[in-house]
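S.K.: Before anything else, here's the structure in question.
The values are calculated or read from the model by the stated rules, or taken from the named source; none is laboratory data. As the structure is a computational prediction, the values presented were derived from the model and not from experiment. Glycine gets a Cβ as well: all are built from the backbone with ideal geometry, and neighbour counts include every protein chain shown.
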Amino acid sequence: MRAFLLRRLATLVAALLVASLVVFVVLQILPGDPALVILGPDAQPDTLAALRHQLGIDLPVWLRYLHWIGSLLSGDFGRSTAYDIPVSDLILQRMAVTLPLAVMAMALAGVLAVPLGVAAAVRKARLADVGIMGLTQIGVALPDFWVGLLLILVLAVHAAWFPAGGFPGWWHGAGAAFRALILPTVALALPQAAILTRVARGAMLDIGSRDYLRTARAKGQRERRIVWRHAVPNALGPIITMMGLQFSFLLAGTIIIENVFALPGLGALLFQAIAQRDLVVVQDLVLLFVGIVIIVNAAVDLLNAAIDPRLVEATA
Amino acid sequence: MRVGLAIGGALTAGMLVLAALSLVWTPYPPTAIDIIHRLSRPSAAHWFGTDPFGRDVFSMVMVGTQDAVAVAALAVLLGTAIGVPAGMLAATRGGWTDETVMRGADLTFAFPAVLTAVMLTALRGAGAITEIIAIGVFTAPVLARTTRGAAAAIWVQDYARAARALGRTRRGVALVHVLPNILGLLIVQVTIQLSLAVLAEAGLSFVGLGAQPPAPSWGRMLNEAQTYIYTAPLLAVFPGLAIAAAVLGLNMLGDGLRDRFDPRRRRSAQ
């Protein structure tokens, strides 16, 4: 177990380093001069040189990379050229919207999907199964941002139960902030719940009629207990793996859905940064998102290993 | 399940026909502005109504099909052109080549299309090419993994081993025995990726990272509809339905093809 843990952590660190290198290379070495983009084609050469110096892009490439990574490790994300404040301050502010949104959506998707998937598997090929599978087929096809628009249309414009967008901030009381996040959470969660339901059903069917289930039945245990005590825990592996993969889609979805609900999260910041050519912020944010995806997937591996020690033996 | 295949095939064919038809005919020119009839409700003259500039929404949805089909097809083609050879190479060579390709796939998979699109947009501006590259980059690792997994399963089959024992080169076995046998599975995966690509394209053009005006795209139509959600709510409905129908069709087609190509699944489905 310890060897497995160490090796997985080593892979994680290596993946993060390579990811940072990719982000850096794409944004810094590919053709295109940010100073020229910011100042336009009519800029004077000395103005360009001054801006290049201010942006730090007159230094050798490898030095800039080491400087960036070194600063990141010491918690210094650099300075936003557009806001002229530390990028870490910006990220912390915006994280207070994006993180709760993504986590709540993931949780809602799981809470909806696992019981539905189990119910469908238990009633395989019967009406409930066909109905649930039909619904998930449609759910998978819905773009989350469109679900968001429809929710606004029905529950904010027509019924006025929820705000159509905007975010009051957590400091004016958690209630209003929470309410502002409900519709985006639902919009993000529904398509993911549809995918997860299908995975949960498949995992339950794969467990099918294993010996330990037959034994439990032979002992005369109640079917409900057999399902939830014996079958579901054994089906958790694929479900957790899928949730890890989905987190990547959820983060990407958050970037887009913040646009629909005018939420001041990391996604909104990313688009402002592009519009304002704030390359430091773009670079930090892309790495942050990619880093979160990589870390979550490593956590999923460890979680699966903790649930099912056989996996550790298989890879050792 | 055969019903699913038929519905999926019909929806996909409908989308292709609509895209092709819109090249030569639409009820109205999709960019024709008619301010007098702006924001009109659906009627016999304008089946889906008109937008804030009086443009015919049905014509715009029709032309938007071109964007969805072209971007999704080219992006998945790019992803396939990278992913399938990489997966084949990993399965054929094994060892550290396999390890390198698979870790590379893991890493690439950590870049959702929207992040790649953001980086490319920061460098060279938004547009269809940016979209195609971003979605293609996200597609490649999925196809690499699928190819590698399926190919590895063929390599241990008796006929593949026999061909090696009879003196065929590894490359020969890969091309003559492995590739034809995993083709069905690859077609299924490509269909599924096409549906994901249509979804991703809609998302990217919704946030302005995709095709630029005046070329109509479903995502941008939804974005423009947001402004008029109080006065003309139906504008936010039709392009979304078009996206959902396209994705649903491709998904059902993929599922149907999978049942057909994979005998193991066919048996369990009965």
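S.K.: Just the residues that are surrounded by 13 or more Cβ atoms within 10 Å (Cβ to Cβ), within 12 Å of chain B (Cβ to nearest Cβ) and aliphatic (A, V, I, L, M), please, taken from the stretch A:158-186. Talk me through it step by step, then tell me what you get.
M.R.: Our first condition is that a residue be surrounded by 13 or more Cβ atoms within 10 Å (Cβ to Cβ); within the stretch A:158-186, this holds for A:162-165, A:167-170, A:176-186.
Those left that are additionally within 12 Å of chain B (Cβ to nearest Cβ): A:164-165.
Of everything in the stretch A:158-186, just one residue is surrounded by 13 or more Cβ atoms within 10 Å (Cβ to Cβ), within 12 Å of chain B (Cβ to nearest Cβ) and aliphatic (A, V, I, L, M), namely A:A164.
S.K.: May I ask you to list the residues in the stretch A:261-305 that are more than 7 Å from chain B (Cβ to nearest Cβ), touching a residue at least 60 places away in the same chain (Cβ under 8 Å) and more than 18 Å from A:L90 (Cα to Cα)?
M.R.: Those that are more than 7 Å from chain B (Cβ to nearest Cβ), touching a residue at least 60 places away in the same chain (Cβ under 8 Å) and more than 18 Å from A:L90 (Cα to Cα): A:F261, A:I295, A:A298, A:V300, A:D301, A:L302, A:L303, A:N304, A:A305.
S.K.: Right, next: Is it fair to say B:L120 is within 9 Å of another protein chain (Cβ to nearest Cβ), crowded, with 17+ Cβ neighbours inside 10 Å and either in contact with a Gly (Cβ under 6 Å, 6 or more places away or on another chain) or aliphatic (A, V, I, L, M) (or both)?
M.R.: Details: within 9 Å of another protein chain (Cβ to nearest Cβ): yes; crowded, with 17+ Cβ neighbours inside 10 Å: yes; either in contact with a Gly (Cβ under 6 Å, 6 or more places away or on another chain) or aliphatic (A, V, I, L, M) (or both): yes.
When the stated conditions are applied, B:L120 passes them.
S.K.: Please identify the pairs in which a residue from the stretch A:215-238 that is touching a residue at least 40 places away in the same chain (Cβ under 8 Å) has its Cβ atom under 6 Å from the Cβ atom of a residue that is assigned to a loop (DSSP other than H, G, I, E, B) and of a type outside the set (K, R), counting only partners at least 6 apart or on another chain.
M.R.: What qualifies is A:G237/A:D308.
S.K.: Suppose we keep only residues that are touching a residue at least 60 places away in the same chain (Cβ under 8 Å) and surrounded by fewer than 24 Cβ atoms within 10 Å (Cβ to Cβ) within the stretch B:46-58. Which one would you say is farthest from B:T108 (Cα to Cα)? Even if it seems obvious, please write down each step before you answer.
M.R.: First, pick out the residues of the stretch B:46-58 that are touching a residue at least 60 places away in the same chain (Cβ under 8 Å): B:48-49, B:51-52, B:57-58.
Applying the additional criterion that residues be surrounded by fewer than 24 Cβ atoms within 10 Å (Cβ to Cβ) yields B:48-49, B:51-52, B:58.
Numbers: B:F48: 40, B:G49: 42, B:D51: 39, B:P52: 41, B:F58: 38 Å.
Only one residue fits best here, namely B:G49.
S.K.: What helices (runs of 4 or more DSSP H) completely inside the stretch A:51-154 contain at least 1 residues that are touching a Phe, Trp or Tyr at 6+ places or on another chain (Cβ under 6 Å) and either away from chain B (no Cβ under 13 Å) or within 18 Å of A:V281 (Cα to Cα) (or both)?
M.R.: Values: elements: A:61-73, A:87-122, A:127-141, A:144-151.
The qualifying helices (runs of 4 or more DSSP H) are A:61-73, A:87-122.
S.K.: Taking the stretch B:90-117 as the region of interest, how many residues are more than 11 Å from chain A (Cβ to nearest Cβ) and of a type in the set (G, A, S)?
M.R.: Summing the residues that are more than 11 Å from chain A (Cβ to nearest Cβ) and of a type in the set (G, A, S) in the stretch B:90-117 gives 5.
S.K.: Just to check your reading of the model, which residue among A:L196, A:L183, A:L205 is modelled with pLDDT of 85 or more and closer than 18 Å to A:L99 by Cα? Write out each step before concluding.
M.R.: Values: A:L196 fails: closer than 18 Å to A:L99 by Cα; A:L205 fails: closer than 18 Å to A:L99 by Cα.
Among A:L196, A:L183, A:L205, only A:L183 is modelled with pLDDT of 85 or more and closer than 18 Å to A:L99 by Cα.
S.K.: Within the stretch B:175-222, track down each residue that is among the hydroxyl-bearing types (S, T, Y), more than 23 Å from B:T121 (Cβ to Cβ) and within 12 Å of chain A (Cβ to nearest Cβ).
M.R.: Our first condition is that a residue be among the hydroxyl-bearing types (S, T, Y); within the stretch B:175-222, this holds for B:191, B:195, B:205, B:217.
Of the ones still in play, those that are also more than 23 Å from B:T121 (Cβ to Cβ) are B:191, B:195.
If the condition is that a residue be among the hydroxyl-bearing types (S, T, Y), more than 23 Å from B:T121 (Cβ to Cβ) and within 12 Å of chain A (Cβ to nearest Cβ), then B:S195 is the only one that fits.
S.K.: Among the numbered conditions (1) surrounded by fewer than 16 Cβ atoms within 10 Å (Cβ to Cβ); (2) in contact with a helix residue (DSSP H, G or I) (Cβ under 8 Å, 6 or more places away or on another chain); (3) outside any helix (DSSP H, G or I); (4) in contact (Cβ under 8 Å) with a residue 12 or more places away in the chain, tell me where B:T231 comes up short.
M.R.: Only one criterion in (1) surrounded by fewer than 16 Cβ atoms within 10 Å (Cβ to Cβ); (2) in contact with a helix residue (DSSP H, G or I) (Cβ under 8 Å, 6 or more places away or on another chain); (3) outside any helix (DSSP H, G or I); (4) in contact (Cβ under 8 Å) with a residue 12 or more places away in the chain is unmet by B:T231, namely (2).
S.K.: Further, regarding this structure: Filter the stretch A:232-258 down to the residues that are surrounded by fewer than 22 Cβ atoms within 10 Å (Cβ to Cβ) and at the interface with another protein chain (Cβ under 10 Å from one of its Cβ atoms), then identify the one that is nearest to B:A126 (Cα to Cα).
M.R.: A:F249
S.K.: Also: Of the residues that sit in the stretch B:70-107 and are in contact with a Phe, Trp or Tyr (Cβ under 9 Å, 6 or more places away or on another chain) and in contact (Cβ under 8 Å) with a residue 24 or more places away in the chain, which one is surrounded by the fewest Cβ atoms within 10 Å (Cβ to Cβ)?
M.R.: In the first step, residues of the stretch B:70-107 are kept if they are in contact with a Phe, Trp or Tyr (Cβ under 9 Å, 6 or more places away or on another chain); the result is B:75, B:79, B:91-92, B:94.
Those left that are additionally in contact (Cβ under 8 Å) with a residue 24 or more places away in the chain: B:75, B:79, B:91-92.
Numbers: B:A75: 29, B:G79: 25, B:A91: 24, B:T92: 19.
Only one residue tops the list, namely B:T92.
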